[in-house]
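Enquirer: This is the structure I have questions about; it appears just below.
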Amino acid sequence: KMAGADAGLERAFVLVRLYELPSDSADLVRSITYATNSQNPVDLRDLRSNDAKQKSLEIGMRDLGYTYHRHRSEASLKPLDISSATAAEAVLSVWRGGPHQAKFYGREHFGKLYDQIFTDDLNAAQVVIATLLFRFAENKRRRPPENAPTFVAYASCFLAMRMGRYLLEDLGIQSTQLSHINFAAARTILDRNDEAYFIRAVAAVDAAVKRLYGNQEVSLQRLAATFRRGDLLEELARGDAANG
């Protein structure tokens, strides 16, 4: 006979859902797992951690001297450590042209945006370079240079995207051509020019923001909201077109 807190448990019911599937249904099992757990986006990162793509990135980064953390962890990361969460934000910003989604749609990085970020042709070199660009911009966000425009506090993903553009221009390649073969060259050029890339990126974003608002005085709240939207991307594109 039960007593205290356990009283009444003999009449409790637990809902159980069972699926009977063929033994060769691994892909279907993963699809069901993602679908039934999508209400908890934090868990999706761990659910995705055993994907072939995540395992491949881990191996590729090890070859480049980095450690990729596929699973969530409370441990502090070292400079040569890259978490899958940071990788997702960096790749979406730098190579996928989605800086507004990277910063403000984090819940979807391992959900609806997963296939957009972790494409079949994404490799470890691309992830590492994107992460280095993103980290540089994030460091500037946390400790803005003297006389930096106010928007720098909100624009790390946009600035990282622009810095990636300049790096590819100097390398003379597309992002999909970045690989372990030219990784060392890319890293050398980035180390040499990261500050210059950042200054150029700030100037480009500053010009786009001014085209959006003209001479209006923009509140911090409105300025922060600007980096949640796609119209700033369109303004950056128009500026690029005007500059040839």
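Enquirer: Between Arg229 and Ile181, what is 0.36 nm times their sequence separation minus the Cα-Cα distance? Round to one decimal in nm.
Expert: 13.7 nm
Enquirer: Sticking with this structure for a sec: Give the long-range amide H neighbours of Thr67: residues separated by 5 or more places, or on another chain, with amide H under 5 Å away, using H modelled in the peptide plane at 1.01 Å from N.
Expert: Excluding prolines and chain starts, which carry no amide H, the hits are Asp81, Ile82.
Enquirer: While we're on this one: Relative contact order for the stretch 106-182: what is it in percent, counting Cα pairs under 8 Å that are at least 6 residues apart? Show your work: numbers first, answer last.
Expert: On the way: 41 pairs, mean separation 28.2, N = 77.
So the answer I get is 37 percent.
Enquirer: Return the distance in nm (one decimal) between the two label points of a simple spin-label model at Leu80 and Leu47, each offset 7 Å from Cα along Cα→Cβ.
Expert: Taking the simple label geometry, Leu80 and Leu47 are separated by 3.4 nm.
Enquirer: Suppose every Lys and Arg Cβ carries +1 and every Asp and Glu Cβ carries -1, with no other charges. What dipole size does the stretch 63-206 come out with about its Cα centre, to the nearest 20 debye? Working shown, then result.
Expert: On the way: 17 positive and 16 negative charges, 74 e Å.
With only Lys, Arg, Asp and Glu charged at Cβ, the dipole is about 360 debye.
Enquirer: Let me ask you something else. Testing the spin-label approximation: label points 7 Å from Cα along Cα→Cβ at Ala153 and Ser73. State their distance in nm.
Expert: 3.3
Enquirer: Provide Rg over Rh for the stretch 99-244; use the alpha carbon set for both Rg and the Kirkwood Rh (inverse mean inverse pair distance). Walk me through the numbers before you get to the answer.
Expert: Working: Rg = 15.6 Å, Rh = 16.2 Å.
Reported Rg/Rh (Cα atoms, Kirkwood Rh): 0.96.
Enquirer: Next question, about the same structure. Leaving ligands, DNA and RNA out of it, work out the accessible area of Tyr105 with a 1.4 Å probe and give it in Å² to the nearest 10.
Expert: 110
Enquirer: Also: When only C-alpha pairs under 8 Å and at least 6 residues apart count, what is the relative contact order of the stretch 66-118, in percent? All intermediate terms of the calculation are to be shown ahead of the outcome.
Expert: Details: 46 pairs, mean separation 14.4, N = 53.
Averaging sequence separation for qualifying contacts and normalising by length gives 27 percent for the stretch 66-118.
Enquirer: So between Arg211 and Arg143, what do we pick up on full extension, going 0.36 nm a residue minus the alpha carbon distance?
Expert: Between Arg211 and Arg143, full extension yields an extra 21.9 nm.
Enquirer: OK, next. Give me the number: length gained by fully extending Asn193 to Arg107, i.e. 0.36 nm times residue separation minus the C-alpha to C-alpha distance, one decimal in nm.
Expert: Full-extension gain reported as 27.7 nm.
The values are calculated or read from the model by the stated rules, or taken from the named source; none is laboratory data. Nothing here was measured: the structure is a model prediction, and the numbers come from that model. Neighbour counts are summed over all protein chains in view; Cβ atoms, including those assigned to glycine, are modelled from backbone coordinates with ideal geometry. Remember, those area values only see protein heavy atoms, side chains included, never the ligands or the DNA or RNA. Shrake-Rupley method; radii C 1.70, N 1.55, O 1.52, S 1.80 Å.
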